[in-house]
Amino acid sequence: MKNIVVLVSGGGTNLQALIDAQKRGEIKGGEITCVISSKEDAYALERAKQNGINTRVLVRKDFADVHEYSKAMLSALDEEKADLVVYAGFMTILDETVCRAYPNKMMNVHPALIPSFCGKGFYGLHVHEAVLEKGVKVTGATVHFVTEVCDGGPIILQETAPVLNGDTPEILQKRVMEICEWKILPKAVALFCADKIRVENGITFIEE
Ligand code: GAR
């Protein structure tokens, strides 16, 4: 059984999608064993507790710099014996030592079709604001492995959503979550736990 550790900072709807998929028996070979939040008051922590999942809180301002914070995160992941680390709306920067310790074992869900609308400054609602400003007609979400390049790691799954007349960033965010993120994140985790994702030269190959 693979230990899945989920990193969160906010509402945790993606965490909820993972918990629901686990309850439906869709994540064979893995179990969410710990949720680590970068915010003390993240509602994601409540979701974990309501489902009997062990929680930890690591707040960035309690550490001198990003390296000290990353060291603490690495120790926590080590103590939890993490086999897979999932960023599910985790908004705090870690240094390269963390992703180097978990090569192709850390995944992130991003609310756009990478390589569009990604990288520094593109997170949360800002992504959907930029999508609307540009006027693209199709957007979506991406699950990818985490590397030192922000939003630049191997792409695992993508799903599209239409941009409609009258969309606000909030309306678009909700559509992208419902029809993209909450589907592809649990699917990617299930594929990982079933050892069905292979990475060669930065490209993933999925055994369906
Ligand atoms: C999600 O839309 C996720 O894709 C995004 O933050 C939201 C978290 O929602 N993540 C990023 O923008 C990371 N670059 P949640 O806490 O309800 O899962």
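Read-outs throughout are calculated quantities, based only on the coordinates presented, and are distinct from any laboratory measurement. Computed from a predicted structure; not experimentally measured. Here the Cβ positions follow ideal geometry from the backbone for every residue, glycine too, while neighbour counts run over all protein chains shown.
Can you give the Rg and Dmax of the chain based on its C-alpha atoms, in angstrom?
Cα only, the chain: 16.2, 48 Å (Rg, Dmax).
Sort His126, His144 so that the residue with the fewest other Cβ atoms within 10 Å of its own Cβ comes first and the one with the most comes last.
His126, His144
Enumerate the amide H contacts of Ile32 below 5 Å, restricted to partners 5 or more residues apart or on another chain; note that Pro and chain-start residues carry no placed amide H.
Ile4
What ranking of Met1, Met73, Met91, Met106 emerges when the number of other C-beta atoms within 10 Å of each C-beta is taken as an exposure proxy, fewest first?
By the 10 Å Cβ count, ascending: Met1, Met91, Met106, Met73.
For the stretch 88-156, what number results from the quotient of the Cα radius of gyration and 2.2 N^0.38 Å?
On the way: Rg = 12.3 Å, N = 69, 2.2 N^0.38 = 11.0 Å.
Here the answer is 1.12, to two decimals.
Rank the residues Ser37, Ser9 as a footprinting-exposure proxy: fewest other Cβ atoms within 10 Å of their Cβ go first.
Ordered from fewest to most neighbouring Cβ atoms within 10 Å, Ser37, Ser9 come out as Ser9, Ser37.
Quick one: if the Förster radius is 25 Å, what FRET efficiency do His126 and Lys71 give, using the C-beta to C-beta distance and rounding to 0.05?
Efficiency at R0 = 25 Å is approximately 0.30.
In terms of the ratio Rg/(2.2 N^0.38 Å) built on C-alpha atoms, what value belongs to the stretch 63-180?
Dividing the Cα Rg of the stretch 63-180 by 2.2 N^0.38 Å gives 1.15.
Once amide H atoms are placed 1.01 Å from N in the peptide plane, what residues at a sequence separation of 5 or more from Gly140, or on another chain, have their amide H within under 5 Å of its amide H?
Here Leu113, Ala161 satisfy the definition.
For the chain, what is the calculated [θ] at 222 nm in deg cm²/dmol (nearest 500), taking -39500 (n - 2.57) for each run of four or more DSSP H residues and dividing by its residue count? Can you show the working numbers first?
Details: 7 runs with 69 residues, N = 208.
Here the helix-only value at 222 nm equals -9500 deg cm²/dmol.
Could you give me the ³J(HN,Hα) list for the stretch 41-57, computed from phi with Karplus coefficients 6.51, -1.76, 1.60 and θ = phi - 60°, whole Hz, x at Gly and Pro?
9, 5, 5, 3, 5, 4, 4, 5, 4, 4, 10, x, 9, 4, 10, 9, 10
Using Cα positions and a limit of under 18 Å, work out the lysines in reach of Lys134, with same-chain residues fewer than 8 apart set aside.
Lys120
Pick out, from Ile19, Leu84, Leu58, the residue whose Cα sits farthest towards the positive end of the charge dipole of the chain, with +1 on the Cβ of Lys and Arg and -1 on the Cβ of Asp and Glu.
Ile19
Any lysines with Cα under 19 Å of the Lys49 Cα? List them, leaving off those in the same chain fewer than 8 positions away.
Lys23, Lys39
Could you calculate the FRET efficiency of Lys28 with Thr168 from 1/(1 + (r/R0)^6), where r is the beta carbon distance between them and R0 is 45 Å, rounded to 0.05? Could the numbers behind the result be given before it?
Numbers: r = 39 Å, r/R0 = 0.86.
After rounding to 0.05, the efficiency reads 0.70.
Could you work out which residue, out of Gly30, Gly166, Gly152, moves most in a Gaussian network model of the chain, that is, has the largest mean-square fluctuation with Cα springs under 10 Å?
In this elastic network of the chain, the residue with the biggest mean-square fluctuation among Gly30, Gly166, Gly152 is Gly166.
What FRET efficiency, computed as 1/(1 + (r/R0)^6) with R0 = 25 Å and r the Cβ-Cβ distance, is obtained for Gln158 and Glu96, rounded to the nearest 0.05?
FRET efficiency, Gln158 to Glu96: 0.50.
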